[in-house]
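Inspection log for the structure reproduced underneath, given as structure tokens.
The values are calculated or read from the model by the stated rules, or taken from the named source; none is laboratory data. As the structure is a prediction and not an experimental result, all values here were calculated from the model. Every residue, glycine among them, receives a Cβ derived from its backbone with ideal geometry; neighbour counts consider all protein chains shown.
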Amino acid sequence: MKSKHIRGIDDLGKEGIQEILSLSDHFFEVSTRRIPKVPALRGRTIAWLFYENSTRTRLSFETAAKRLSADSMNFSVSSSSVKKGESLRDTVETVSAMGVDAIVVRHSSTGVPWLLPKWTDASIINAGDGAHEHPTQSLLDCYTIQKQFGDIEGKKIVIVGDIKHSRVARSNILAFKTMGAEIVLVAPRTLLPVDTSSWPVEISEDLDRSIADADVVYMLRMQLERQKEAFVPSLREYTNDFGLTLERAQKLPKHTIIMHPGPMNRGVEIASDVPELDNAVVTNQVSNGVIVRMAVLYFLLGSGAELSEDGNSNE
Amino acid sequence: MVTAMNKIVLKGGVIIDKSGERQADVAIGQDGLISEIGEGLSAENIIDVKGQIISSGFVDLNAHFSQPGNEKAETIETGTRSAVRGGYTAVIAMPDSEKINDSADITRSIMKLCETALCHVEIAGAITLGNQGKQIAPLSEMAALGIRHFVDPMVVERNDLTTRRAMEYSQRFEATLYYGCSGGEFYSKGQMNEGMVSSRLGILGIPKENETIEVFRLCSLAKMTGARVHLQQVSNPQSVKLITEAQAEGAKVTFEVAPHHFALTEALVESFEARYKIFPPLTTQENVNAMQRLLHEGKVDAIATGHRSCENHLKDQPFEDAPFGTIGFETALGAALTFLDMPLSGILNLLSWRPAEIAGLSETHGGTIVKGRPGNLTIFDPQKKWVAKGTEMQSKGSSSVFEGLQMKGVISHTLVDGELVVIEGEIQK
């Protein structure tokens, strides 16, 4: 049974991920057209509920929805009743009562996407919950890797940095593993979750050794405040031991790609000039983001019929 | 000569107290004291308790009422309604409502509020002003009003000096000092037990050392000063080991365990429901099993609920935004009977007899049911099954960590000072 929601990677499983990746191929083709827009979700309404600041993910989702001709309902949390103390439940019930087919939600508290179905019949898409999951980021990362290598299975993916506080890392570990990749986490012990004994990963504190034969080097954003919270003595020391310096990047095997979910802290986890290297695919991730989110919205809300006539669906 | 007719007789039940188990009727006189125990007794009001257990009323060493200050969450009246329905006839009210009981004035105002209570409420005072852990509250002034329980609740950043001085100073009142076992720093952002589940969910964890470090510190100071100290809501076996060692070395330390800590695990947090957000947090199955073993071995002094009602809309929030706390009076007996493999006498010892001793209430509560004692009694059917539903409980808030669980053990009647406050599960006021 196809899941009604995409709250976490487990809602999809391997089949779901594969279906979204192949839908993405289709929407990639759409994106190359002169007018990259299809009527696939005409008459469908999507609400955005962003309880945390987000520019990139939100723009990416909004662009995807527009290209599918969906209507969107923008619930601006910072200037709305939420500021006046409205509860999540009341907000969701209100939005739901107006009639929406899907709610895209980002929230600083873990698990919010799993609570929402108590209060609405809409499909829920998780755009990031606490440090827990960010499944659409993982789907676009999978798509980027698959486009690069043709396949994710058997690839060695090294994820570097603040795993402990990263929802991107948690979703990516689940997604990459589901697709058969080999995963290595590199971080100082303070930035790893306390108990990873059940995680399907190898853990290392030696960046140079781990990336020597990697297919993908995935750098995570290092929040500047981690220094104040005593997770690392200084950012300088962090960059030395766990940053992707230009020297390290240039030593990578030719085929190795460099990824980052953004926003980057240039000079901290990734050296200033590294994102411009040929094997850095950071901007590909961003453009794939729109395509994959089109696939995600279509996967949940589309009927299948609209796509079969896609040849003449431009209007 | 006409002897006054008994007011109530409990007919056909099985009495369990410290002296053992026996089948007999229990009669309550017009003065509220137990007037007769025997066969074929009569009274104005005959209550059929055939096949049920007659026990002394339960005593909760750790109850939180939000009054004074946060009456939206709970009042002494609603809280004690829930308490008597859970079989409790005496509870100690923690001094950590919005208005902290750290002065004689506030104590007096709470005494007044206690007139609305359905059971005995032992008022506890704060050990330190504003529960800040820094300056000792006017213990003598509160003691002059009869306060014998002083509390430094969870999450107080204590310093060794103040703790030591309070333990020394309070001894002249024959007081017991109650401490929550949380040092503060580890707790400050933690939301659940630190471990495999918190790692997977990305929720900040609270390591068990948050408790064990504080337990060690408090045991050391109790030993040093000779103070009577009771440790609250102890949740892991390492803490119990430290306490047992201190007890063996002569420290006057007792401790309690909450029902959920021997019944439920942190796996429940994976539902992201805030009803499972409690402090100290739910832990692992291994830990729960170890706590059960310690209870079975008689290493634990008391079961105490830590009952705390939260406004429902606050518990409707996302996990990390919601407050800590669960209601607990009405599920304590059920949890003990369902999750512990102990004889009834062992369970009653934990719910009633031993906590009555710790609270200094042995004269009126606890393990003896004989003629002349006040009629503080609880009658229950230990086999009857039921399903816990917070909305059917008496507290203002309905967030219960046991929601939806099938349990065995149903309270039918509760008598406070010889008055039936609960009949067949129905509150009589």
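B:Thr326 meets the stated requirement of being away from chain A (no Cβ under 14 Å), closer than 16 Å to B:Ala258 by Cα and among the polar types (S, T, N, Q).
Being touching a residue at least 60 places away in the same chain (Cβ under 8 Å), of a type outside the set (Asp, Glu) and part of a loop (DSSP other than H, G, I, E, B): is that true of A:Lys4 here? It is true that A:Lys4 is touching a residue at least 60 places away in the same chain (Cβ under 8 Å), of a type outside the set (Asp, Glu) and part of a loop (DSSP other than H, G, I, E, B). Those strands (runs of 3 or more DSSP E) of the range B:1-58 in which 3 or more residues are surrounded by fewer than 20 Cβ atoms within 10 Å (Cβ to Cβ) and not acidic (Asp, Glu) occupy B:20-23. Among the residues of the range B:323-332, is there at least one that is under 29 Å from B:Cys219 (Cβ atoms) and among the β-branched types (Val, Ile, Thr)? Checked the range B:323-332: at least one residue is under 29 Å from B:Cys219 (Cβ atoms) and among the β-branched types (Val, Ile, Thr). Taking the range A:100-112 as the range and being within 21 Å of B:Phe319 (Cα to Cα) and either at the interface with another protein chain (Cβ under 10 Å from one of its Cβ atoms) or not in a strand (DSSP E or B) (or both) as the test, the residues that pass are A:His107, A:Ser108, A:Ser109, A:Thr110, A:Gly111, A:Val112. When the residues of the range B:391-415 are narrowed to those that are part of a strand (DSSP E or B) and farther than 18 Å from B:Gln52 by Cβ, which ends up farthest from the chain's Cα centre (by Cα)? Top of the filtered list is B:Gln406. The set of residues in the range A:89-110 that are under 16 Å from the mean Cα position of the chain (by Cα) and either on the phi > 0 side of the Ramachandran plot or surrounded by fewer than 24 Cβ atoms within 10 Å (Cβ to Cβ) (or both) contains only A:Ser108.
Taking each residue of the range B:288-299 that is among the polar types (S, T, N, Q) and looking for partners that are surrounded by 14 or more Cβ atoms within 10 Å (Cβ to Cβ) with beta-carbon atoms closer than 6 Å, six or more apart or interchain, yields B:Gln292/B:Phe262. Restricting attention to the range B:275-327, the residues that are over 21 Å from B:Lys241 (Cβ atoms) and not small (Gly, Ala, Ser) total 24. Per this entry, A:Ile163 is counted among residues that are surrounded by 24 or more Cβ atoms within 10 Å (Cβ to Cβ), in contact with a strand residue (DSSP E or B) (Cβ under 6 Å, 6 or more places away or on another chain) and within 12 Å of another protein chain (Cβ to nearest Cβ). Restricting attention to the range B:291-323, the residues that are within 21 Å of B:Ser188 (Cα to Cα) and more than 14 Å from chain A (Cβ to nearest Cβ) add up to 2. Within the range A:285-306, the set of residues being modelled with pLDDT under 95 and at negative phi comprises A:Gly302, A:Ser303, A:Ala305, A:Glu306. Please work out which residue is nearest to the chain's Cα centre (by Cα), limiting yourself to the range B:116-132 and to residues that are without any contact (Cβ under 8 Å) to a residue 40 or more places away in the chain and buried (at least 20 other Cβ atoms within 10 Å of the Cβ). Only one residue fits best here, namely B:Ile123.
One residue is enough: does the range B:159-170 have a residue meeting the conditions within 14 Å of another protein chain (Cβ to nearest Cβ) and buried (at least 21 other Cβ atoms within 10 Å of the Cβ)? Within the range B:159-170, none of the residues are within 14 Å of another protein chain (Cβ to nearest Cβ) and buried (at least 21 other Cβ atoms within 10 Å of the Cβ).
Per the conditions (1) surrounded by fewer than 24 Cβ atoms within 10 Å (Cβ to Cβ); (2) touching a residue at least 60 places away in the same chain (Cβ under 8 Å); (3) in contact with an Asp or Glu (Cβ under 8 Å, 6 or more places away or on another chain), the sole criterion not satisfied by B:Gly69 is (2). For the range B:201-217, the tally of residues that are in contact (Cβ under 8 Å) with a residue 12 or more places away in the chain and within 10 Å of another protein chain (Cβ to nearest Cβ) stands at 5. Taken together, B:Ser182, B:Ser97, B:Ser140, B:Ser188 contain a single residue that is more than 14 Å from chain A (Cβ to nearest Cβ) and either within 30 Å of A:Lys164 (Cα to Cα) or without any contact (Cβ under 8 Å) to a residue 12 or more places away in the chain (or both), which is B:Ser182.
For A:Pro135, state whether it is within 14 Å of another protein chain (Cβ to nearest Cβ) and under 30 Å from A:Ile35 (Cβ atoms). Judged against the criteria, A:Pro135 is a match.
For the range A:118-127, a residue qualifies if it is within 14 Å of chain B (Cβ to nearest Cβ) and in contact with a Pro (Cβ under 9 Å, 6 or more places away or on another chain), and the qualifying residues are A:Ile124, A:Asn126.
Only a single criterion out of (1) within 12 Å of another protein chain (Cβ to nearest Cβ); (2) at pLDDT 95 or above; (3) not in a helix (DSSP H, G or I) is not satisfied by A:Leu115, namely (3). Filtered by the rule that a residue be in contact with a Leu (Cβ under 7 Å, 6 or more places away or on another chain) and among the hydrophobic types (A, V, I, L, M, F, W, C), the range A:126-143 gives a lone residue, A:Cys142.
Taking helices (runs of 4 or more DSSP H) as the structural unit, those lying wholly within the range A:166-268 and holding at least 3 residues that are within 14 Å of chain B (Cβ to nearest Cβ) and in contact with a His (Cβ under 8 Å, 6 or more places away or on another chain) correspond to A:167-178. Screening the candidates B:Ser198, B:Ser220 for the property of being of a type outside the set (Phe, Trp, Tyr), within 14 Å of chain A (Cβ to nearest Cβ) and either under 25 Å from B:Phe150 (Cβ atoms) or touching a Gly at 6+ places or on another chain (Cβ under 7 Å) (or both) yields one hit, B:Ser198. Of all residues in the range B:158-190, those being assigned to a loop (DSSP other than H, G, I, E, B), under 23 Å from the mean Cα position of the chain (by Cα) and not hydroxyl-bearing (Ser, Thr, Tyr) number 5.
For B:Leu221, the criteria (1) surrounded by fewer than 21 Cβ atoms within 10 Å (Cβ to Cβ); (2) farther than 19 Å from B:Lys299 by Cα hold in every case but one, which is (1). Does A:Thr144 satisfy being more than 14 Å from every other protein chain (Cβ to nearest Cβ), free of Cβ contacts under 8 Å to residues at least 24 places away in the same chain and assigned to a helix (DSSP H, G or I)? No.
Tell me which residues, restricted to the range B:223-275, are over 20 Å from B:Ser182 (Cβ atoms) and either in contact (Cβ under 8 Å) with a residue 60 or more places away in the chain or within 14 Å of another protein chain (Cβ to nearest Cβ) (or both). Selection gives B:Met224, B:Thr225, B:Ala263, B:Ala267, B:Leu268, B:Glu270, B:Ser271, B:Phe272, B:Glu273, B:Arg275. For beta carbons closer than 6 Å, sequence separation of 6+ or different chains, a first residue in the range B:1-29 that is on the phi > 0 side of the Ramachandran plot and a second that is in a loop (DSSP other than H, G, I, E, B) and at pLDDT 95 or above, the qualifying pairs are B:Gly12/B:Val49; B:Gly12/B:Lys50.
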